[in-house]
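The values are calculated or read from the model by the stated rules, or taken from the named source; none is laboratory data. Computed from a prediction, not measured in an experiment: that's the story for all the values here. Quick reminder, even Gly has a Cβ in these numbers, built from the backbone with ideal geometry, and neighbours come from all protein chains shown. Calculation scope for accessible area: heavy atoms of the full protein, side chains included, ligands and nucleic acids excluded. Shrake-Rupley method; radii C 1.70, N 1.55, O 1.52, S 1.80 Å.
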Amino acid sequence: MNSTILAETGAITNFAWRFFRHGFRPRYEVQELLYQCYVVGYQSLPLVGITGFIMGIVLTLQSRPTMAQFGAESWIPTMVGLTIVREMGPIITALIFAGKIGSSIGAELGSMRVTEQIDAMEVAGTNPFKYLVVTRVLATTLMLPILTLLADAIALYAAYIGINLKGVTTLALFTNNIISTLTFGDVVPAVIKTFFFGFAVGIIGCYKGYNANKGTEGVGRAANSAVVVSSLVIFLLDLLAVQITSALGLN
Amino acid sequence: MLPDSAPLSAATATSPAEEVLTVEHVSKSFGDNHVLQDFSLTLHRGENLVVLGKSGSGKSVLIKCIIGLLPVDAGRITVLGQEVGALGHDELDQLRTKVGFLFQSNALYDSMTVRENLLFPLRRHWMADRRGQEESMVMQALDDVGLVETIDKMPAELSGGQRKRIALARTLIIPPEIILYDEPTTGLDPITAREISQLIREVQQKYTTSSIIISHDMNCVRLTADRVALLVEGRCYAEGTFQELQQLDDPIVREFFV
Ligand SMILES: Nc1ncnc2c1ncn2[C@@H]1O[C@H](COP(=O)(O)OP(=O)(O)OP(=O)(O)O)[C@@H](O)[C@H]1O
Ligand SMILES: [Mg+2]
């Protein structure tokens with residue numbers, strides 16, 4: 001068991017290394033990259049929007065009773081804002097992204113592997129690693145931060161609605177409240193880590209699909225383990241990120 | 001049980017034509033499964049060579065080694081004067097533009113339409129003299145296989161035989177010097193199978209290509225083969241023309257020709 005985890009970690013690292021070796025040498029698959037950005041970004045929009053909205057409302061409504069007990073209701077925007085931007089936004093969006101995009105990359109490349117389409121590309125004189133893997137990994141790495149910022153914005157707006165369900169605040173006051181509390185140390189590390197989350201989802205999904213075993217079973221397993229492994233890695237990276245920010249004194 | 005020396009040769013005289021592809025003493029194993037053992041083969045220019053063998057005897061493995069999809073354990077494969085195992089990525093890509101490969105499973109890109117499937121190899125190998133001609137090349141290739149009307153369909157909407165023909169069109173769109181066909185007629189009805197066999201002959205004559213055809217469909221073999229090689233237990237067991245092998249009085253060879 002332990003040795004398979006080690007072997008798998010090694011293989012994924014190797015795969016990621018191959019990405020850096022191949023990815024930045026011509027020929028560049030610009031058209032395919034743009035298409036993948038569109039697919040990866042656009043497909044996840046509705047899901048990311050809905051989860052962001054619910055996250056914002058639920059956080060607000062849940063924290064209200066506690067905050068009221070301490071007579072700190074006016075602190076709700078600040079607290080919810082910080083929670084969303086620093087932690088909930090990035091992690092929830094990344095997990096949703098892993099479930100939606102990680103599995104679809106794993107299944108797509110897996111079925112291409114199984115039906116010899118990847119071999120067919122190679123025989124056609126195309127580097128399938130560049131065409132399929134590099135473009136997808138770049139797309140997930142670039143799109144997840146954007147989706148996260150979008151989810152943050154929607155969640156914050158939902159928090160504003162949540163506050164207005166039981167009390168009153170104006171949008172201007174609410175916005176002002178949040179902007180004045182959020183610092184560089186809150187926003188930048190949170191954005192940076194989403195690049196890593198996106199990279200993890202892309203590279204693991206591609207690795208699982210690219211190395212899928214023969215048979216339909218192999219495709220299912222590729223999709224499934226792409227989600228499981230990338231979700232786990234997202235949490236591990238998050239743990240690492242919090243260590244780094246506290247070491248830098250940004251917490 | 002098998003002769004240790006050279007394969008049974010039924011050929012009366014070997015033709016002096018130029019060799020475009022040679023496989024010399026190639027071995028390939030997957031773990032304990034020794035698929036090819038000291039296998040040798042030569043393909044001459046303009047010739048259709050059929051490789052016959054039972055299911056699982058390693059025919060697909062053989063041509064995947066030839067195109068460099070699988071590395072060989074021992075031996076040497078030379079295609080158009082270049083040793084496949086010794087080529088770098090770019091040189092191998094360059095060589096592959098001259099070699100067509102028809103997959104046993106067709107391997108059509110299922111996220112693309114027929115048109116995009118055919119455009120894929122064209123766009124990948126951009127050549128100045130082809131600019132603006134891609135569309136007419138696609139039409140020409142589809143016309144060759146008689147499926148112009150499927151141009152905007154997805155592979156999933158095609159029948160098995162149609163898919164095979166589209167795969168063939170994709171292989172032929174940049175006319176290759178050598179074509180490797182992996183079971184071009186398997187799973188097709190006898191009529192379509194005969195059409196495909198005739199198509200293979202037409203392609204050979206039209207573009208003077210040299211081909212290796214893997215098959216166990218004897219009708220296809222009869223129609224397409226200039227020469228037949230028998231792959232038995234990892235070796236080239238016998239070779240010669242169809243008629244020559246048919247008349248050989250060897251129990252293993254006879255099994256294929258009943
Ligand atoms: N990638 C691989 N990994 C491990 N074993 C393989 C691989 N590819 C083929 N084999 C094994 O090699 C042997 C030959 O397979 P191959 O596909 O070449 O058979 P074939 O002669 O083409 O048969 P068929 O006529 O059914 O297509 C089989 O035993 C198969 O299990
Ligand atoms: Mg085969």
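Residues of region A:127-139 include at least one that is without any contact (Cβ under 8 Å) to a residue 60 or more places away in the chain and more than 24 Å from the chain's Cα centre (by Cα).
If B:S60 meets every condition in (1) without any contact (Cβ under 8 Å) to a residue 40 or more places away in the chain; (2) within 13 Å of ligand 1 (Cβ to nearest atom) apart from one, which number is that one? Here B:S60 meets the rest and fails (1).
A single member of B:A107, B:A156, B:A86, B:A141 is within 16 Å of ligand 1 (Cβ to nearest atom) and hydrophobic (A, V, I, L, M, F, W, C), and it is B:A107. Across region A:229-246, what is the total count of residues that are without any contact (Cβ under 8 Å) to a residue 12 or more places away in the chain, open to solvent by less than 90 Å² (accessible area, probe 1.4 Å) and not hydroxyl-bearing (S, T, Y)? Final tally of qualifying residues: 1. For first residues located in region A:198-224 and away from chain B (no Cβ under 14 Å), partners that are within 16 Å of ligand 1 (Cβ to nearest atom) and in a loop (DSSP other than H, G, I, E, B) and lie 6+ apart or on another chain with Cβ distances below 6 Å form the pairs A:G218/A:A212; A:A222/A:A212.
Take the conditions among the β-branched types (V, I, T) and either under 30 Å from B:G88 (Cβ atoms) or in contact with a strand residue (DSSP E or B) (Cβ under 6 Å, 6 or more places away or on another chain) (or both) and apply them to A:I91. Does it pass? Quick ask: steps written out before the conclusion?
Numbers: among the β-branched types (V, I, T): yes; either under 30 Å from B:G88 (Cβ atoms) or in contact with a strand residue (DSSP E or B) (Cβ under 6 Å, 6 or more places away or on another chain) (or both): no.
When the stated conditions are applied, A:I91 does not pass them.
The helices (runs of 4 or more DSSP H) located wholly in region A:89-156 that include 3 or more residues which are more than 14 Å from chain B (Cβ to nearest Cβ), out of contact with any Leu (no Cβ under 6 Å at 6 or more places or on another chain) and at pLDDT 95 or above occupy A:89-97. For region B:238-258, residues that are under 18 Å from B:L41 (Cα atoms) and surrounded by fewer than 21 Cβ atoms within 10 Å (Cβ to Cβ) total 3.
Look through region B:40-59, keep the residues that are assigned to a loop (DSSP other than H, G, I, E, B) and within 16 Å of ligand 2 (Cβ to nearest atom), and return whichever of them is nearest to B:L223 (Cα to Cα).
Ranking the candidates gives B:G53 first.
A search for C-beta distances below 8 Å between a residue of region B:44-57 that is in contact (Cβ under 8 Å) with a residue 60 or more places away in the chain and within 16 Å of ligand 1 (Cβ to nearest atom) and any residue that is hydrophobic (A, V, I, L, M, F, W, C) and part of a loop (DSSP other than H, G, I, E, B), counting only pairs 6+ apart in sequence or on different chains, returns B:L49/B:A225; B:V50/B:A225. As a summary of the residue check, A:A212 satisfies the conditions (1) buried (at least 19 other Cβ atoms within 10 Å of the Cβ); (2) in a helix (DSSP H, G or I); (3) aliphatic (A, V, I, L, M) except for the one numbered (2).
Evaluated against (1) surrounded by 22 or more Cβ atoms within 10 Å (Cβ to Cβ); (2) at pLDDT 90 or above, B:L172 falls short on exactly one condition, (2). Looking at B:P184, B:P176, just one residue is within 14 Å of chain A (Cβ to nearest Cβ) and either assigned to a loop (DSSP other than H, G, I, E, B) or within 16 Å of ligand 1 (Cβ to nearest atom) (or both), and that residue is B:P176.
Would region B:175-196 turn up any residue that is in contact with a Lys or Arg (Cβ under 6 Å, 6 or more places away or on another chain), open to solvent by 20 Å² or more (accessible area, probe 1.4 Å) and modelled with pLDDT of 90 or more?
yes
Does B:S210 meet the test of being crowded, with 23+ Cβ neighbours inside 10 Å, away from ligand 2 (no atom under 16 Å from the Cβ) and within 17 Å of B:N48 (Cβ to Cβ)? So B:S210 passes the test. Taking region B:60-165 as the region of interest, the helices (runs of 4 or more DSSP H) fully inside it that hold 1 or more residues being loosely packed, with under 13 Cβ neighbours inside 10 Å and more than 10 Å from chain A (Cβ to nearest Cβ) are B:89-96, B:134-144.
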